[in-house]
Amino acid sequence: MQGDKKILYSAVQPTNNLTIGNYIGAVKNFVALQEEYDCIYAIANMHAITVRQDAAQLRKNTLSLLALYLACGIDPQKCVLYLQSHVPAHAELAWTLNTFTYVGEMERMTQFKDKSAKHADNINMGLMDYPVLMAADILLYQTDVVPVGVDQRQHLEITRDIAVRFNNAYSPTFTVPEGIYMKVGAKINDLLDPSKKMSKSAENANGAVFMSDDRDTIIRKFRRAVTDSMAEIKYDPSNKPGVSNLLSIYSVFGGMDIADCERQFEGCGYGDFKLAVGELVADKLAPIQAEQAKLLADKQYLNDVLKSGAERAAHRAAKTLAKVYKKIGFYQL
Ligand code: TYM
């Protein structure tokens, strides 16, 4: 708790362009939650380098994500918004937490297994250690809640395990955080293969809608989305994964319940339905894209936001790190 508000932490990696899955599962909720919670949002560039990045592109993606956060409505006056590498305490706590984490636990992580298969030529230690750095991010700020998509559930569970393990070994040091998962949209799936999550690094870019896609591209991708042969617009994820995914997207972008969406499209053909989803998404993304472009033209402002965010984040992180160092016996001056 900070004052009378619970502390909320989340982060997004500045890799590639964000998809509407990242937006629906994470960023859109960050905006909605900023009134109720004491929010800290990061750009996780230290996580991003666990997969090889082009340096110039990573710098560009960093500012682009910052501008997107702001364009979506994250208010740097209300939240702490910062770049992970600007706060060295993340690396310092991650190192310490490494000694409270078992190799076997990391080997079992689904994301580690998936990414190892995908990047077989670069199974680096950072890729394996990814969840520990994530635990450090969260635990440094005495976080109560973490809004993420369901793909991050396992990482959140291991964060809780590490926190409890440390607290039991010494005395209560870390708040044990809870995940917040949205009822609709915690997992948006690929448009061409709705059994898979929509991913920034999708093999076929037509299966993912990027936040930077233009109107025609968005509509084209939705037109090609895989549905089924049942010709009924009903939410039934196990039997109708494609249609259900499109209904989730429509429901979130339209701010409507799934049931209302089903009613709206009763008797409608799949072609018209897919077009309606594409048009709605394009309509909603257009102002965000325009605002993002405007912000990207003002580098001084973006730098100021990062500077102020880093100062505030570092100040808070230092308190937890000092506590940890004292407990583990690091001699302090
Ligand atoms: P990243 O950048 O991969 O994803 C950012 C957020 O988007 C969510 N997400 C999705 N939600 C719904 N449907 C999808 N298809 C979809 N794809 C991605 C993710 O669940 C995530 O919430 N490890 C984190 C970044 C991170 C972090 C943290 C998060 C680093 N430190 C501390 C929380 C707390 C990640 O995978 O980001």
Of those in segment 220-240 that are in a loop (DSSP other than H, G, I, E, B) and of a type in the set (D, E, K, R), the residue farthest from the chain's Cα centre (by Cα) is Glu232
* Going by the structure shown, is Ser195 closer than 22 Å to Asp236 by Cβ and surrounded by fewer than 16 Cβ atoms within 10 Å (Cβ to Cβ)? -> yes
Taking segment 162-209 and keeping only residues that are more than 30 Å from Ala322 (Cβ to Cβ), of a type in the set (A, V, I, L, M) and at pLDDT below 95, one is left with Met182, Val184, Ala186, Ala202, Ala205
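Does segment 180-204 hold any residues that are polar (S, T, N, Q) and not in a loop (DSSP other than H, G, I, E, B), and which are they? Give the steps one after another, and end with the answer.
Going residue by residue through segment 180-204, those that are polar (S, T, N, Q) are 189, 195, 199, 201, 204.
If the condition is that a residue be polar (S, T, N, Q) and not in a loop (DSSP other than H, G, I, E, B), then Asn189 is the only one that fits.
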Checked segment 149-161 for anything modelled with pLDDT of 95 or more, among the hydrophobic types (A, V, I, L, M, F, W, C) and near the ligand (Cβ under 8 Å from one of its atoms); matches are Leu156
Those residues of segment 295-311 which are free of Cβ contacts under 8 Å to residues at least 12 places away in the same chain and assigned to a helix (DSSP H, G or I) amount to Gln300, Tyr301, Asn303, Asp304, Lys307, Glu311
Checked pairs for segment 120-144, first outside any helix (DSSP H, G or I), second at pLDDT 95 or above and within 9 Å of the ligand (Cβ to nearest atom), C-beta under 6 Å and 6 or more apart or across chains, list as Tyr141/Tyr9; Thr143/Tyr9; Thr143/Pro177
Can you find a residue in segment 98-108 that is more than 19 Å from Glu311 (Cβ to Cβ) and among the basic types (Lys, Arg)?
yes
Of the listed residues (Gly309, Gly329, Gly269, Gly278), the one being surrounded by 18 or more Cβ atoms within 10 Å (Cβ to Cβ), farther than 27 Å from Asp38 by Cα and modelled with pLDDT of 95 or more is Gly278
Flagged pairs (Cβ under 7 angstrom, 6 or more apart or on separate chains; first in segment 26-38, of a type in the set (S, T, N, Q); second in a strand (DSSP E or B)) are Asn29/Pro147
Selection over segment 148-199 where residues are of a type in the set (Asp, Glu), without any contact (Cβ under 8 Å) to a residue 40 or more places away in the chain and under 24 Å from Val252 (Cβ atoms) yields a count of 3
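The values are calculated or read from the model by the stated rules, or taken from the named source; none is laboratory data. Since we're looking at a predicted model, the values are computed, not measured. Cβ coordinates were reconstructed from backbone atoms using ideal geometry, including for glycine residues, and neighbour counts include every protein chain displayed.
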